[in-house]
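The values are calculated or read from the model by the stated rules, or taken from the named source; none is laboratory data. Because the structure is a prediction, the values reported are computed rather than measured. Reconstructed Cβ throughout: ideal geometry from the backbone, glycine too, with neighbour counts over all protein chains shown.
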Amino acid sequence: MPADDAAPAAEAASAERAAAAIVADEEAAVSLENPNVRARIRRVLPWTLVLAAGIVLLDQGTKFWAEAELELGVGVPVIGELIQWRLIYNPGAAFGIGGDYTWILSLVAALAVVGLAIFVTRLSSIRWAIAAGALFGGAISHLGDRLFREPGFARGEIVDFIDYAGYFIGNVTDIALVLGAIGVVVLSLVGVSPRRPEPREPAPSPE
């Protein structure tokens, strides 16, 4: 190869190696094999689970209150007619869709819980943990309704009681799921990694 061509080729090869090294460092910074990433996941995970548990307790507690205090189908104004308490039992998904296929919705809910359970154990970003924790808690509470409420196992009806101007009647789980989904979309759009980049532990120095 002529000397005039050798220099640019060497520079190009060096630039490629440098770019590859940067990519490798970025991947290592979020890899589950990185001890620092695993350590941060162990710190973040309990708070994710606490958030999810709080949503389950709040959702089930408000449903218990609604069943005890509200009359089926009768509206109780909260903010005029904009927001009312109105107890209904929903065998389907949002807006009552799929009411004849409750067992399929139960299976979907179970798969969502399993998928989210795996996902939250891989998060080291606080912002992702909040969004995923909201989704996880909502999915667990939703699945609990499907499995254990009347009329039977895997055919349970969802307790809805928050009437939004007659357009939609939902519950606390719906709020958590919507906010969690919005959080996931926003974090994805702005490029926030589910695993916060962490420095690698330095290699032991040779003796």
Inset, instruction - Answer yes if at least one residue in the stretch 137-157 is within 20 Å of GLY180 (Cβ to Cβ), buried (at least 21 other Cβ atoms within 10 Å of the Cβ), among the charged types (D, E, K, R) and touching a Gly at 6+ places or on another chain (Cβ under 9 Å), and no otherwise. - result: yes
Legend entry - Test: ALA19 is at pLDDT below 55, assigned to a helix (DSSP H, G or I) and of a type in the set (Gly, Ala, Ser): yes
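Within the stretch 91-130, which residues are outside any helix (DSSP H, G or I) and modelled with pLDDT under 90?
Once the filter is applied, which keeps residues that are outside any helix (DSSP H, G or I) and modelled with pLDDT under 90, the stretch 91-130 yields PRO91, GLY92, ALA93, ILE97, GLY98, GLY99, ASP100, TYR101.
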Legend entry - Test: residue in the stretch 75-89 that is acidic (Asp, Glu), surrounded by fewer than 17 Cβ atoms within 10 Å (Cβ to Cβ) and assigned to a loop (DSSP other than H, G, I, E, B): yes
Legend entry - Considering residues of the stretch 158-175 that are crowded, with 21+ Cβ neighbours inside 10 Å and among the charged types (D, E, K, R) only, the residue farthest from the chain's Cα centre (by Cα): ASP163
Legend entry - Enumeration of residues in the stretch 37-74 that are closer than 18 Å to ARG149 by Cα, surrounded by 15 or more Cβ atoms within 10 Å (Cβ to Cβ) and either modelled with pLDDT under 95 or among the charged types (D, E, K, R) (or both): ASP59, LYS63
